[in-house]
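Everything on this sheet refers to the single structure shown next.
The values are calculated or read from the model by the stated rules, or taken from the named source; none is laboratory data. Given the structure is predicted, the values throughout are model-derived calculations rather than measurements. With ideal geometry, Cβ positions are generated from the backbone for all residues, glycine too; neighbour counts draw on all protein chains shown. Just so you know, the surface numbers come from the protein's heavy atoms only, side chains and all, with ligands and any DNA or RNA stripped out. Shrake-Rupley method; radii C 1.70, N 1.55, O 1.52, S 1.80 Å.
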Amino acid sequence: MATIKQVAELAGVGTSTVSRYLNARGYISEEAKEKIKNACEQLNYMPNELARAMKSNHSKTIGVMIPTICNPFFTELVHIIEQNLLKQGYKTVLCNTNGDIELERNYLNMAISNRFDGIILITGSYEFMELKTDIPIILLDRINEDDLNYITLTSNNRQGAVLATEHLIACGCKKILYLSSNEQIIPAKIRENMFVETVVKHKVSYAIRNHSEIDSVGLKKMIEDGVDGIFAWNDISAIQCIGWLSELGIVIPDQVQVIGYDNIDIAEYVHPKLTTIAQPLAELATKASEYIVRLIDKTIAPPINIQLDNTLVVRQSTKTI
């Protein structure tokens, strides 16, 4: 493996010049830059990133923890975050935790041993905040309401859940089924609580079922019991529900109305097109990218808690008011 000294000798410059080139610090003539670049290519020289991180105390690497890569909402968030961080000179390492505290612990240890500069935590388990680290952390799409001493960026799940529930009520639904999450994550719990609060306020009948514990047979029984509106905690569950209703020959929205949450791209391409709550995904991802770098640079400090409002997107799966 080539060394920085060999690169310097081949390029005909000093090792300090090569070091400045590799770290993008200090003045170097264009001629010297070209010589060093060619020397690196000829020798197949790859800088030891960990060694550089240990010396500079910066790895220019940020970990992004998500609960599942299967939900397009999270992959869209990560895509925007990665593109924004690249523009700021940072690499992104994706950590898919499946909401497993042991995986989160392992990823945190990896972040420490590889000297990650920061972590953007997108949802995850309740237990994560018990893990202690000095690595700068931003909470995105979640908030630890028991400890607000973090920088948090979320959409307003209370407002979004009320929007969805009141839309179904305004569309004439008399009994609404809420399909809840089987994951113990804070946004899902907030949406469920606000759904209950809203239907009780409007004196509308309701039922709650875990989306992982219901199928077309169970759904048919609930429709026979009077359910004429369904609020699913996310778009994936809502789209699955539309598939079951189609199998049962239930006409949407004439017999049953369906609303989702997140406004993932595919929501516009299912049949019927899904009415949903749109989170300000691009703005959340952009702000997270900006704030994690500012936190690393110590130009901002917690607590900062930002909550952005959501938007109702009416399509074909609910009636026109």
Pairs where the first residue, in the stretch 217-240, is more than 30 Å from THR75 (Cα to Cα) and the second is of a type outside the set (D, E, K, R) and buried (at least 24 other Cβ atoms within 10 Å of the Cβ), C-beta under 6 Å, 6+ apart: MET222/LEU177; VAL227/LEU177; ASP228/CYS173
Being surrounded by fewer than 17 Cβ atoms within 10 Å (Cβ to Cβ) and not acidic (Asp, Glu) is the filter here; which residues of the stretch 295-307 pass it? LYS298, THR299, ILE300, ALA301, PRO302, PRO303, ILE304, ASN305, ILE306, GLN307
Quick one: what pairs do we get from the stretch 105-116, first residue farther than 13 Å from ASP134 by Cβ, second open to solvent by 50 Å² or more (accessible area, probe 1.4 Å) and part of a helix (DSSP H, G or I), C-beta under 7 Å, 6+ apart or different chains? ASN114/LEU50
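Rundown of residues vs (1) closer than 20 Å to GLN279 by Cβ; (2) modelled with pLDDT under 90; (3) open to solvent by 60 Å² or more (accessible area, probe 1.4 Å), yes/no style:
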| site | (1), (2), (3) |
| --- | --- |
| LYS87 | no, no, yes |
| TYR90 | no, no, no |
| ALA111 | no, yes, no |
| ASN144 | yes, yes, no |
Where a residue in the stretch 280-295 is among the polar types (S, T, N, Q) and its partner, wherever it lies, is surrounded by fewer than 17 Cβ atoms within 10 Å (Cβ to Cβ), with Cβ under 8 Å and at least six apart: SER289/GLN88
Need pairs with beta-carbon distance below 7 Å; first residue more than 12 Å from SER155 (Cα to Cα) and within the stretch 182-198, second of a type in the set (Val, Ile, Thr) and part of a helix (DSSP H, G or I); sequence gap 6+ or separate chains. MET194/VAL162; PHE195/THR165; THR198/VAL162; THR198/THR165
Mind checking whether some residue in the stretch 85-102 is out of contact with any Lys or Arg (no Cβ under 6 Å at 6 or more places or on another chain), within 11 Å of GLY63 (Cβ to Cβ) and aromatic (Phe, Trp, Tyr)? no
Across (1) of a type outside the set (A, V, I, L, M); (2) in contact with a helix residue (DSSP H, G or I) (Cβ under 8 Å, 6 or more places away or on another chain); (3) modelled with pLDDT of 85 or more, ASN23 clears everything bar (3)
Hey, any hits in the stretch 304-312 for a residue that's assigned to a helix (DSSP H, G or I) and either of a type in the set (A, V, I, L, M, F, W, C) or out of contact with any helix residue (DSSP H, G or I) (no Cβ under 9 Å at 6 or more places or on another chain) (or both)? no
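Looking for something within 32 Å of the chain's Cα centre (by Cα), on the phi < 0 side of the Ramachandran plot, modelled with pLDDT under 80 and of a type outside the set (Val, Ile, Thr) - is there at least one such residue anywhere in the stretch 93-100? If you could, list the steps in order and put the result at the bottom.
To start, the set of residues in the stretch 93-100 that are within 32 Å of the chain's Cα centre (by Cα) comprises 93-100.
If we keep only those that are on the phi < 0 side of the Ramachandran plot too, we end up with 93-97, 100.
Subsequent filtering for residues that are modelled with pLDDT under 80 retains 100.
Filter again for of a type outside the set (Val, Ile, Thr), leaving 100.
Scanning the stretch 93-100, I find at least one residue that is within 32 Å of the chain's Cα centre (by Cα), on the phi < 0 side of the Ramachandran plot, modelled with pLDDT under 80 and of a type outside the set (Val, Ile, Thr), so the answer is yes.
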Residues located in the stretch 269-280, provided they are surrounded by fewer than 24 Cβ atoms within 10 Å (Cβ to Cβ), aliphatic (A, V, I, L, M) and within 21 Å of the chain's Cα centre (by Cα): ALA278
Among the residues of the stretch 168-191, how many are at pLDDT 95 or above, open to solvent by 10 Å² or more (accessible area, probe 1.4 Å) and out of contact with any Gly (no Cβ under 9 Å at 6 or more places or on another chain)? 1
All-but-one check, GLU283 against (1) surrounded by fewer than 21 Cβ atoms within 10 Å (Cβ to Cβ); (2) assigned to a loop (DSSP other than H, G, I, E, B), failing number (2)
Taking ILE266, is it in contact (Cβ under 8 Å) with a residue 12 or more places away in the chain and either crowded, with 20+ Cβ neighbours inside 10 Å or in contact with a Leu (Cβ under 6 Å, 6 or more places away or on another chain) (or both)? no
So, in the stretch 198-213, how many residues would count as being assigned to a strand (DSSP E or B) and closer than 17 Å to SER181 by Cβ? 5
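Conditions tested, residue by residue: (1) crowded, with 21+ Cβ neighbours inside 10 Å; (2) over 24 Å from the mean Cα position of the chain (by Cα).
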site: ASN210; (1), (2): no, no
site: ILE214; (1), (2): no, yes
site: VAL217; (1), (2): no, yes
site: ILE223; (1), (2): no, yes
site: ASN234; (1), (2): yes, no
site: GLY243; (1), (2): no, yes
site: SER246; (1), (2): no, yes
site: GLY260; (1), (2): yes, no
